[in-house]
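Report on the structure given below.
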Amino acid sequence: MAFLYSKSLHIIFVVTWFAGLFYIPRLFIYVTEAESLAEPGRRVLQDQLRLMQRRLWYGITWPSAVVTLALGLNTWYQYGATPDWLIYKLGLVLGLYLYHGSCHVLFRQQQRGELRYTSNQLRIWNEVATLFLFAIVFLVILKDALNMLWGMLGLFALLIVLLLAIRLYRRIRKA
């Protein structure tokens, strides 16, 4: 029964972690786009958005990432084995933590007022968490490397659709 509680809590904290990973790049975009506003509106809006970033990042995203890791390791230990699909999942999870780390770098830059990326570049970066989510969920459900290959091909197709959607959105905004 402890295994099921641990697994359930792990899933709940994965969801809250992803909520943070989905929203923080949106805040990066908003701070970047606010740069084009006139003063004093720009400073007021960017200060408010940076406050929202800090609250999200340190109040939800980081704690959820840490608890997800702890519960994931506990669930793995209780599982008692490491099947092939779990090795692939752990690789994807490592990639997700690297993405989290890169978002932390962007967060720190924006907190210092450094805006190094365009809103379009950040929109593309915003989709990376979606790709990880699809890959991990399909792998956990299908538990098969061959199905994982098909899933990765599907992810590649999804990436192309997302990039086309971003491009279309940019054209619509300019019109």
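Can you tell me which of 157, 81, 135 is outside any helix (DSSP H, G or I) and at pLDDT below 90?
On inspection, the qualifying residue turns out to be 81.
Against the conditions (1) touching a helix residue (DSSP H, G or I) at 6+ places or on another chain (Cβ under 7 Å); (2) among the hydrophobic types (A, V, I, L, M, F, W, C); (3) under 25 Å from residue 166 (Cα atoms), residue 60 satisfies every one except (3). Would it be correct to say that residue 62 is of a type in the set (Phe, Trp, Tyr), farther than 16 Å from residue 30 by Cα, assigned to a helix (DSSP H, G or I) and modelled with pLDDT of 95 or more? In short, yes. Of the residues making up region 63-85, those that are without any contact (Cβ under 8 Å) to a residue 40 or more places away in the chain, under 20 Å from the mean Cα position of the chain (by Cα) and more than 14 Å from residue 7 (Cα to Cα) are 63, 66. Residues that are assigned to a helix (DSSP H, G or I), farther than 19 Å from residue 123 by Cα, modelled with pLDDT under 95 and of a type in the set (A, V, I, L, M) do not occur anywhere in region 9-22. Scanning region 47-57 for residues that are without any contact (Cβ under 8 Å) to a residue 24 or more places away in the chain and either in contact with a strand residue (DSSP E or B) (Cβ under 6 Å, 6 or more places away or on another chain) or buried (at least 16 other Cβ atoms within 10 Å of the Cβ) (or both) yields a single hit, 49. Cβ separations smaller than 9 Å between residues 6+ apart or across chains give the following pairs from region 151-172 residues that are over 13 Å from residue 123 (Cβ atoms) to residues that are small (Gly, Ala, Ser) and in a helix (DSSP H, G or I): 151/135; 152/135; 155/135.
The single condition among (1) over 25 Å from residue 156 (Cα atoms); (2) hydrophobic (A, V, I, L, M, F, W, C); (3) touching a residue at least 40 places away in the same chain (Cβ under 8 Å) that residue 133 does not meet is (1).
Per-residue answers, yes or no, for (1) assigned to a helix (DSSP H, G or I); (2) at pLDDT 95 or above:
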| position | (1), (2) |
| --- | --- |
| 93 | yes, yes |
| 97 | yes, yes |
| 100 | yes, yes |
| 103 | yes, yes |
| 106 | yes, yes |
| 109 | yes, yes |
| 116 | no, yes |
| 124 | yes, no |
| 131 | yes, no |
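Can you find a residue in region 23-39 that is free of Cβ contacts under 8 Å to residues at least 12 places away in the same chain and either of a type in the set (D, E, K, R) or part of a helix (DSSP H, G or I) (or both)? Yes: one or more hits. For region 101-147, the tally of residues that are acidic (Asp, Glu) and either farther than 28 Å from residue 171 by Cα or buried (at least 16 other Cβ atoms within 10 Å of the Cβ) (or both) stands at 2.
The values are calculated or read from the model by the stated rules, or taken from the named source; none is laboratory data. The structure displayed is predicted, hence computed values, not measured ones. Counting neighbours? That spans all protein chains shown, and the Cβs are built from the backbone with ideal geometry, glycine included.
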